[in-house]
Structures are given as C-alpha cells and as structure tokens.
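Single-structure report; data block below.
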C-alpha cells in the first residue's frame, strides 16, 4: 500500500511516498491507517490536524481502503 | 451670480450654467439660493435630494454666498 | 500611495500594479461595469458626467478615510466618464493591506461611499427613452 | 463559466477578462501576495506545493458552491505553486454578478474556503529557518 505525502508529512517521513511495511497488517480503514502512521511517526500527533484523502477526496475515518485506491496524507493546509 | 449645472439640473433649467436674473434680489445663503431655484423651476421639488456645492464642497444651508464663490447645483448623484 | 482619477477609459490591468506593495498580503479590487438589462429593459448605453474638480476632491477624501481606518498601503479610486456600452468598466476601486479583512472592508467602503457622495451622474439610455438614475424617489 | 487552475505564475491582468460578462454589474477580485514580514521576521520566499488532482477538485467544488449560492455569472479560482518572492501574487479569486453585494460576499467565501480546504501547503522561508505554515497548533 502506497501513500502520497505532501508538505510537512513529506518531511516527517523523509520521502514523498510512504509504503506501508509489507510485514505489517495492512490498514483496512482510514482510521487504521492513521493509527499506523502515528505509531510509526509520532510527529504526526503534534500537527494541528491530520486528514486522509482517498481518490483525491477527503475521507471519513470509517472509509474502507482498497488496493486500487489513491491514498494521501493531508497535513494542515495553508494555501492562499 | 452664476451657478454650474449637472445631470438632471441641466435638463430642468435647459442650460449648463444658470445666471440668477439680475433684476431679482441675489440669494445671500445656500438656503436662499435653493428657495429661488424651486420657485423658478418647481421640477427641483420632485428630486430625491437637492444639494449645493460652494467652491467644490458640499455646503450647508446656512453658508453665506460671496461673489467670487464657485457655486454648483448637485442633484442626486449616481456614480459607480 | 493614492491613485485618484477621472478618466475616459478604465484600464483594468493597471489597478493591480497600482496596488501591489511589499507589505500587502491582500489586495481587493471592485469593478463596476455596464449591465445588459435594468428591470428587464435592454440597456443601450450609460452616459456619465461629472463635476470634475469636486468629484476628485470627494474621491480623495474617501480614499483618505479608508487609508486611515484600515491602514491601507495603497488605494485606487478611478471613475470613467462619457458613453459606456454593455460590459465596459465604469469604475474601479481597490485597497491593499497587510491582511485580507482590511482590504475587503475598505474596498466595500470605497464603492459604497463613492456612490453616495461623489458628484457623478449616470444616464441610462434605453431604445425609447433615457433616465437620470436615482434622480427621482 | 468557471476558471479553476493551478499555475506556475499568476497573471493578474487576465482575471478581469475572465470575469467580464454582459449581465455583470459587479466584479470583485481578491489577490493574495507575498508579504515582506511575518511577525517582524523578514521573509525570503514562500514555497507552495500541492496535491494537484485533489486541489483542482476542491477548488471546483468551492467555485460551484459560490456560483449556486450567489448566482454568479463567472468565477475564477487560480493558485500558484513553486517559489514566490515578496510582492508576487500567489492566489487570485474573483466573482462576477449582477449586483455588488453578491460578488463581494462570494469573493470572500472563495478565499476563506480555499484556505480551509484546498490541499496546498505553504512553507515560509526566512534567512535562518523555514516553517510549514499552520502545521502546528
């Protein structure tokens, strides 16, 4: 499972794509993905907010993740 | 005494400058000028408002008019 | 810096240049243009005339009021005169400030107050008549 | 008509052309630009990055919301990415409507909502550090 990274998320993980480690259980929902992220990278806990986009839409925590989905971490936005 | 005319005031009087008739008593204040205008041209009574400018500033009714002043009738403005 | 002008033709492209400033994070511009219909009647043109010396003085006062109240870095108040057709710009006002609240509020103040106070008169020309706008109640 | 774009460079002159419409008496445009100081610290540059596919989708939704709510004739939502220096424009939003109330309110909605929802990230670069804006509480 690949997760796109932007802004400070890229700095925290140190890459522009995060590959969920093959040996770990794959997160099946947005909530589970967030749990994996904050366990592996506690820096995410310090952000003002942490959202996940699935297929380029903001996704609620109960959304189910499928293999073909495009998944991205959306740290606090600051356009404008 | 010459009075500059704009917009509908020009149409009402039918000229772009109004010369207070020489035989009449010259108005000594803004109030008196307005009184002369509405007596000679009752159409001014039908306007939404009627202001007088003295030396290109809005003038209160009690302002004294002097020979060297630039006087203008300001019918309701509608810029923009 | 203030840009206060009565012009024959509004050039919308220059307003941003006038308002750009190193300390301005926000620039708000309003353009008033000729609409095709007024109360369902097709508009042929608008004709604007002004008492220029007084109009410039009033526009300058309004600009000063806005600069003082909202701490603007730059301000534009520019009005066109003459005959204008559908879609042509007739007025442009703009404000440039550190943050966006100030420039939005100031820009609204500029156009609202211009319409109340500045001696400019607009005649709406329709196919069968013409009317001095706001002249009668 | 909607103009929704992520661009390398904002051309402020085209926005008015995009927004001009025969039924629009009012056009309101907001430009966000790079300020020289943030909290008294001199800014070297801002760096913008985006999740482009999603940003365009969100900008499009925001534009649709504004068009529906304020009956806009035209709308512009355009954001720049890359490195921007002091006084350069980074975002331009605009609304075109019959009367001015609607275009002012819509323009404010566009920029406020863009800042809340659109996946664009801004890094402030100072001489001795750089900071992702709003990342931390």
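Taking the stated definitions as given, is residue C:51 within 18 Å of residue C:123 (Cα to Cα) and buried (at least 24 other Cβ atoms within 10 Å of the Cβ)?
Details: within 18 Å of residue C:123 (Cα to Cα): yes; buried (at least 24 other Cβ atoms within 10 Å of the Cβ): yes.
Criteria met by residue C:51.
Only one entry of C:86, C:91 meets the criterion of being within 20 Å of residue D:102 (Cβ to Cβ) and within 10 Å of chain B (Cβ to nearest Cβ), and that entry is C:91. Among the residues of the range D:30-46, those that are more than 10 Å from every other protein chain (Cβ to nearest Cβ) and touching a strand residue (DSSP E or B) at 6+ places or on another chain (Cβ under 9 Å) comprise D:41, D:42, D:44, D:45. Would you be able to say whether some residue in the range A:31-40 is touching a strand residue (DSSP E or B) at 6+ places or on another chain (Cβ under 7 Å) and within 30 Å of residue D:32 (Cα to Cα)? No, the range A:31-40 contains no residue that is touching a strand residue (DSSP E or B) at 6+ places or on another chain (Cβ under 7 Å) and within 30 Å of residue D:32 (Cα to Cα). I'd like the residue in the range C:109-127 that is within 12 Å of chain B (Cβ to nearest Cβ) and part of a helix (DSSP H, G or I) and, out of all such residues, is nearest to residue D:96 (Cα to Cα). The selected residue is C:111.
With the structure loaded, tell me whether residue D:76 is modelled with pLDDT of 95 or more, touching a helix residue (DSSP H, G or I) at 6+ places or on another chain (Cβ under 7 Å) and more than 10 Å from every other protein chain (Cβ to nearest Cβ) or whether it fails that test. Walk me through how you get there before you give the answer.
Values: modelled with pLDDT of 95 or more: yes; touching a helix residue (DSSP H, G or I) at 6+ places or on another chain (Cβ under 7 Å): yes; more than 10 Å from every other protein chain (Cβ to nearest Cβ): yes.
The answer is yes for residue D:76.
Every listed requirement among (1) more than 11 Å from chain A (Cβ to nearest Cβ); (2) modelled with pLDDT of 95 or more; (3) touching a helix residue (DSSP H, G or I) at 6+ places or on another chain (Cβ under 9 Å); (4) on the phi < 0 side of the Ramachandran plot is met by residue D:8 save one, (3).
For the range D:92-108, how many residues are assigned to a helix (DSSP H, G or I) and either farther than 14 Å from residue A:80 by Cβ or touching a helix residue (DSSP H, G or I) at 6+ places or on another chain (Cβ under 7 Å) (or both)? Let's see the steps before the verdict.
Quick first cut of the range D:92-108, residues assigned to a helix (DSSP H, G or I) only: D:100-108.
Among the residues that remain, those that are also either farther than 14 Å from residue A:80 by Cβ or touching a helix residue (DSSP H, G or I) at 6+ places or on another chain (Cβ under 7 Å) (or both) are: D:100-106, D:108.
Looking only at that region, the number is 8.
The values are calculated or read from the model by the stated rules, or taken from the named source; none is laboratory data. All figures in this text were calculated on a predicted structure; none of them were measured in a lab. Backbone-built Cβ (ideal geometry, glycine too); neighbour counts: all protein chains shown.
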